[in-house]
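Engineer: The structure's right below; bear with me while I get my questions together.
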Amino acid sequence: MTYMQKPKIRHPRLKKNDLGLTRRDYEGVLSTLCAGCGHDSVTAAIIEACFELQLPAHRLAKLSGIGCSSKTTAYFLSQAHGFNSLHGRMPAIATGANLANRDLIYLGVSGDGDTASIGLNQFCHAVRRRLNMVYIVENNGTYGLTKGQFSATNDKNSKSKKGGNNLFEAMDLCALAIQLKAGFVARGFSGDKAQLVPLIKSAMRYRGFALLDIISPCVTFNNHAASTKSYDYIRDHSEAVDKLDFVPAQEEITANYDEGQTVNVTMHDGSSMRLHKLETDYDPRNADEALMHIRKRYAEGEVVTGLLYVDQEEEDLHSLIETTERPLNELSMDELCPGSQPLEELNNTLR
Amino acid sequence: MTGVNDFVVKFANVNGSGSASANSFFAKALFRMGLPVSPKNIFPSNIQGLPTWFEVRISEAGHLARREGVDIMVAMNPQTYAQDVEEVVSGGYLIYDSTREREFGRDDINVLGIPIARLCAFAFDDPRHRQLFKNIVYVGALAGLVGIEISVIEQIIFEQFKRKEHLNDANLKALHIGLDYSLEKFKCPLPLRVRQSDAATGKIMISGNDAAGLGCIYAGATVAAWYPITPSTSLAEAFERYLNKYRIDECGRKLGAVVQAEDELAAVGIAIGAGWNGARAFTATSGPGISLMSEFIGLAYFAEIPVVIFNVQRGGPSTGMPTRTQQSDIIACAYASHGDTRHVLLFPSDPKECFEMAAEAFDLAERLQTPVIVMSDLDIGMNTWVVDPLEWDDSRKHDRGKVLDAEALEALKEKWGRYKDSDGDGIPYRTIPGTHPEKGAYFTRGSSHTEYASYTEDGLVNAKNLARLLRKFKTAMSMVPRPTINQRDENSKLGIIYFGGTDHAVREGLDLLERDGYRLNALRLRAFPFSPDVAAFAAAHERVFVIEQNRDGQMRSLLITEAGIQAEKLIPVLNFDGMPLSGAFVAGCIQSTIETNEHVANALRLSVRAV
């Protein structure tokens, strides 16, 4: 049951971060997803990323839509406010929340049905607006809660558990986001925590729209031999474009990498990402190349993972529409209400 | 047809021809001469080439409703000559462009031909100016005919074009061409004329959308999300204009955000997200937008998130008549969304009340933690009204409702529950994200939940929560604006219940009825849920006419269901042709019912006996 609290038993020797918090402090209620669900691994990666980033949990807001993936926001960071909204409408809630208080971190968790079908419009416009948020898609190619229908990210000709053939083209959310000028676009695999945790950490430090499309197999409805979103298929066909380390601003950046194979990407807050490239000619700062690479690999049945694209010009909705630096929800009514004198002056202009 | 300071002028134009600003100069000039005027723009859902009308009633007595019948018709659109000529009352005037002379087949009206196109062709070289200034020429001619002080119009033109001197000069030239022509060719002024008055002294002219947008600024709203739709667009635009005027910080940045969303679903979602996060937020829309927003409105109701929605109603159903007025979203808004929901509605009657109710709506939304829908309409929203000046009491405190800050969370003795009714009024305490490191976090959801905001499938727990929401709605009854009652005769057993922009029409209708010997009392609803005053008013009368601009008597249904008034007591008076109501319509419908309906006649006899 989703509403079961985890018992708060702490091992005295659990590792603590600088805030004095253990990993357990970043957990939420017990997951009610199927055993082995990729989404639970993503939840674990989020917890690890927040622990390592030493985030005060209450300075983050968790937002989601409807579906298996959207339930997971209850499974981490119980000290953060959460908003499980409507199917496909998380981007609107995130936009409003972010406008009200620009100082919190907004972490949205969605699924492929929630994002690529019912919520596609809102997803696209949140990207266009460069909304400062981390948008995670737990992508399993299927509608789990309604028992296994194809989603729009499912590959054409992929088979359902019952043997049905998917007749329609798959939508690649990363390619779409790059085209719409998302600032940070990465793809991960729920089974590869070593890659996933640094990706989540980098996305959280990025100012602008950060998409993490995480292939997260559905063990119940889409993990059979003929599925292209199964554990086995992804393990056999994923190709990582880069290996990523994330270095927070407050830590000394130590050189421990091979210059020739590394790109340093500096974030707005001074922290930096180090990309250990596996392919010498892949540069995540080039949108056209990123798109080309995704398409080429897709044609060969490969799923490219890693940081696919990053725009170093960090820009967000607030800077675009020129709102004040202070959170709007902290402005006092005295500052917001012009008062009777200007109203009298205005009345005079209406005569 | 009437006379000095009391007549109706109508302009028939082609839209996109530049007539709108010329016509508004005319209305403004009359207002500046101290006269109450009620300009009504009757426009097509189109940008260029279709018929459009602008109607101005001048009434020193202050009747601002539409009056049927036109005393002076300025017929500038040959497409609509036939219907325009027909509307002129016997003895009235028809002004037309006589560059090409023609007959209109009515010998009971005065036809005043002015060769407007020819005059413009002589005066202006630029072909565009020849077209554009035709409008100013007829305004000048009218000024001569009805006796408007020309300096008043000159001043209005100057204010409009003070930064564009060449346009100012050209406008003045056109104005005088028209004026000189009418003074020379006709016996000026006509018996229909204006005289300086003090009937409108001190008042202002403003549209409801402008006033509502300003009201949101005064209410402290910081997030506006909207999707363009007639007739609400100008509300969001007014908010943005006033935001740029009044809310710029020392770095030139805005104390507020305006987002033009991708659709109405997103627009209301953004407002709800902001409301959840502690900002005062709103959206503005019309009927089709309300349909699209309904799912989100249900979420905000159930998850208890404050949000303000302006519904500037237009003609429905479906796309309907986007540029005509109606009050036909009453039921759709009162119960918007699936499941058991009900929402607080406010009914402003004019732009001044749009300003006041905008401010009121945000207090109510936060006090009640629920959507509040302000039910304006196209007539109030888009037309310019003569109203008393807007007022703001600087001692007024914005009521943010039950919000626990970090200190209050620290001081809590018992376990806090987001949906717990600690005070017995159905209103729980909420927290804003980011407030406290360990206390006050909760999970907001549209699924069934316990007092502590956790998911539940326990039917009894859910039923208890639904019952509390109903208790909260009862609390709302004591918070919303009370109705206004126009008690004309305490013995009268006949009453009227009405709301919104029909106020002037009803008041004039009451005068007309009284002139004919029928005295009725009237109650103007200002909010839903209904105050107990409403049922008491109904109880004090034998028969009550319910006046509304829709086909199905939606408010009447709501009164029957929600105020417990017997159906047979409520007699519907309905108008749904999309035009603002006239006093004569109100009086006519009621009078004919009095004369034909036995029950009403009985009620009337009872009233007389009581006297």
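Engineer: For the range A:92-123, give me each residue that is within 16 Å of A:Leu176 (Cβ to Cβ), more than 14 Å from the chain's Cα centre (by Cα) and within 11 Å of another protein chain (Cβ to nearest Cβ).
Structural biologist: Hits for the range A:92-123 are A:Ile118, A:Gly119, A:Leu120, A:Asn121, A:Gln122.
Engineer: If you don't mind, there's one more thing I want to ask. Return the residues of the range B:494-524 that are open to solvent by less than 60 Å² (accessible area, probe 1.4 Å) and either among the basic types (Lys, Arg) or not assigned by TED's automatic domain parsing to the domain that holds B:Ala584 (or both); say none if nothing qualifies.
Structural biologist: Within the range B:494-524, B:Arg524 is the sole residue that qualifies.
Engineer: I've got another one for you. Which residues, counting only those in the range B:165-210, are among the basic types (Lys, Arg) and more than 30 Å from A:Glu344 (Cβ to Cβ)?
Structural biologist: B:Lys173, B:Lys185, B:Lys187, B:Arg193
Engineer: Here's a follow-up. Answer yes if at least one residue in the range B:258-276 is free of Cβ contacts under 8 Å to residues at least 40 places away in the same chain, facing chain A (nearest Cβ under 7 Å), open to solvent by 30 Å² or more (accessible area, probe 1.4 Å) and touching a Pro at 6+ places or on another chain (Cβ under 9 Å), and no otherwise.
Structural biologist: No; the residues of the range B:258-276 include none that is free of Cβ contacts under 8 Å to residues at least 40 places away in the same chain, facing chain A (nearest Cβ under 7 Å), open to solvent by 30 Å² or more (accessible area, probe 1.4 Å) and touching a Pro at 6+ places or on another chain (Cβ under 9 Å).
Engineer: Inside the range B:408-435, can you point out the residues that are assigned to a loop (DSSP other than H, G, I, E, B), surrounded by fewer than 16 Cβ atoms within 10 Å (Cβ to Cβ) and either touching a helix residue (DSSP H, G or I) at 6+ places or on another chain (Cβ under 9 Å) or hydrophobic (A, V, I, L, M, F, W, C) (or both)?
Structural biologist: Answer for the range B:408-435, where residues must be assigned to a loop (DSSP other than H, G, I, E, B), surrounded by fewer than 16 Cβ atoms within 10 Å (Cβ to Cβ) and either touching a helix residue (DSSP H, G or I) at 6+ places or on another chain (Cβ under 9 Å) or hydrophobic (A, V, I, L, M, F, W, C) (or both): B:Leu412, B:Gly424.
Engineer: Which residue is least open to solvent (accessible area, probe 1.4 Å), if the candidates are limited to the range B:94-125 and must be out of contact with any helix residue (DSSP H, G or I) (no Cβ under 9 Å at 6 or more places or on another chain) and over 28 Å from B:Val37 (Cα atoms)?
Structural biologist: Looking at residues that are out of contact with any helix residue (DSSP H, G or I) (no Cβ under 9 Å at 6 or more places or on another chain) and over 28 Å from B:Val37 (Cα atoms), I get B:Arg118.
Engineer: State which residue pairs qualify: first residue within 7 Å of another protein chain (Cβ to nearest Cβ) and inside the range A:325-351, second residue open to solvent by 80 Å² or more (accessible area, probe 1.4 Å) in any location, beta carbons under 6 Å apart, and separation of 6 or more residues or different chains.
Structural biologist: A:Gly339/B:Asp394; A:Ser340/B:Asp394
Engineer: Report whether or not B:Ala527 is open to solvent by less than 10 Å² (accessible area, probe 1.4 Å) and closer than 17 Å to B:Leu346 by Cα.
Structural biologist: yes
Engineer: In addition: Filter the range B:426-455 down to the residues that are farther than 14 Å from B:Ala303 by Cα and of a type outside the set (A, V, I, L, M) and list them by number.
Structural biologist: Correct list: B:Pro433, B:Gly434, B:Thr435, B:His436, B:Pro437, B:Glu438, B:Lys439, B:Gly440.
Engineer: I'd like to know if the range B:390-399 contains one or more residues that are of a type in the set (Lys, Arg), facing another protein chain (nearest Cβ under 9 Å) and under 30 Å from A:Pro56 (Cα atoms).
Structural biologist: Checking the range B:390-399: not a single residue is of a type in the set (Lys, Arg), facing another protein chain (nearest Cβ under 9 Å) and under 30 Å from A:Pro56 (Cα atoms).
Engineer: If you check every pair at least six apart or on different chains, which have Cβ atoms under 8 Å apart with a residue in the range B:1-26 that is free of Cβ contacts under 8 Å to residues at least 40 places away in the same chain first and a residue that is of a type in the set (A, V, I, L, M, F, W, C) and open to solvent by 10 Å² or more (accessible area, probe 1.4 Å) second?
Structural biologist: Hits for this filter: B:Asn15/B:Phe43; B:Asn15/B:Ile47; B:Asn15/B:Leu50; B:Gly16/B:Ile47; B:Ala20/B:Phe54.
Engineer: Moving on. Taking only the range B:241-257 into account, find how many residues are assigned to a helix (DSSP H, G or I) and touching a residue at least 24 places away in the same chain (Cβ under 8 Å).
Structural biologist: Final tally of qualifying residues: 4.
Engineer: Quick one: which helices (runs of 4 or more DSSP H) lie wholly within the range A:32-120 and hold at least 1 residues that are in contact with a Lys or Arg (Cβ under 8 Å, 6 or more places away or on another chain) and open to solvent by less than 10 Å² (accessible area, probe 1.4 Å)?
Structural biologist: Ranges flagged: A:38-53, A:90-100.
Engineer: Look through B:Glu438, B:Glu457, B:Glu451 and report the one residue that is within 14 Å of another protein chain (Cβ to nearest Cβ), surrounded by 15 or more Cβ atoms within 10 Å (Cβ to Cβ) and charged (D, E, K, R).
Structural biologist: It is B:Glu451.
Engineer: Name the pairs whose Cβ atoms lie under 9 Å apart, with the first residue in the range A:131-146 and within 29 Å of A:Leu320 (Cα to Cα), the second modelled with pLDDT under 90, and 6 or more positions between them or separate chains?
Structural biologist: A:Asn132/A:Glu314
Engineer: I would also like to ask the following. Could you tell me whether B:Asp394 is part of a loop (DSSP other than H, G, I, E, B), open to solvent by 70 Å² or more (accessible area, probe 1.4 Å), in contact with a helix residue (DSSP H, G or I) (Cβ under 7 Å, 6 or more places away or on another chain) and farther than 21 Å from A:Ile93 by Cα?
Structural biologist: In short, yes.
Engineer: Same structure again: Need the failing condition index for B:Thr456 against (1) on the phi < 0 side of the Ramachandran plot; (2) touching a residue at least 12 places away in the same chain (Cβ under 8 Å), just the number.
Structural biologist: Single failed check for B:Thr456: (2).
Engineer: Keeping to the range B:531-585, report how many residues are free of Cβ contacts under 8 Å to residues at least 24 places away in the same chain and open to solvent by less than 10 Å² (accessible area, probe 1.4 Å).
Structural biologist: Final tally of qualifying residues: 1.
Engineer: Something else now. Can you tell me which residue among B:Lys10, B:Lys28, B:Lys40 is over 22 Å from B:Gly588 (Cβ atoms) and either part of a strand (DSSP E or B) or at pLDDT 95 or above (or both)?
Structural biologist: After applying the criteria, what remains is B:Lys28.
Engineer: Being touching a strand residue (DSSP E or B) at 6+ places or on another chain (Cβ under 6 Å) and hydroxyl-bearing (Ser, Thr, Tyr) is the requirement here; does B:Thr444 meet it?
Structural biologist: yes
Engineer: Please state which of the following conditions A:Thr146 fails to meet, knowing it meets all the rest: (1) open to solvent by less than 40 Å² (accessible area, probe 1.4 Å); (2) modelled with pLDDT under 95; (3) hydroxyl-bearing (Ser, Thr, Tyr).
Structural biologist: (1)
Engineer: Would you be able to tell me the number of residues in the range B:201-234 that are in contact with an Asp or Glu (Cβ under 9 Å, 6 or more places away or on another chain), surrounded by fewer than 22 Cβ atoms within 10 Å (Cβ to Cβ) and within 14 Å of another protein chain (Cβ to nearest Cβ)?
Structural biologist: 2
Engineer: Now, a different point. Report yes if B:Glu55 is surrounded by fewer than 24 Cβ atoms within 10 Å (Cβ to Cβ) and among the charged types (D, E, K, R), otherwise no.
Structural biologist: no
The values are calculated or read from the model by the stated rules, or taken from the named source; none is laboratory data. Worth saying up front: this structure is predicted, and the values here are computed from it rather than measured. No Cβ is skipped: glycine too gets one built from the backbone with ideal geometry, and neighbour counts run over all protein chains shown. With ligands, DNA and RNA removed, areas are computed over all heavy atoms of the protein, side chains included. Shrake-Rupley method; radii C 1.70, N 1.55, O 1.52, S 1.80 Å.
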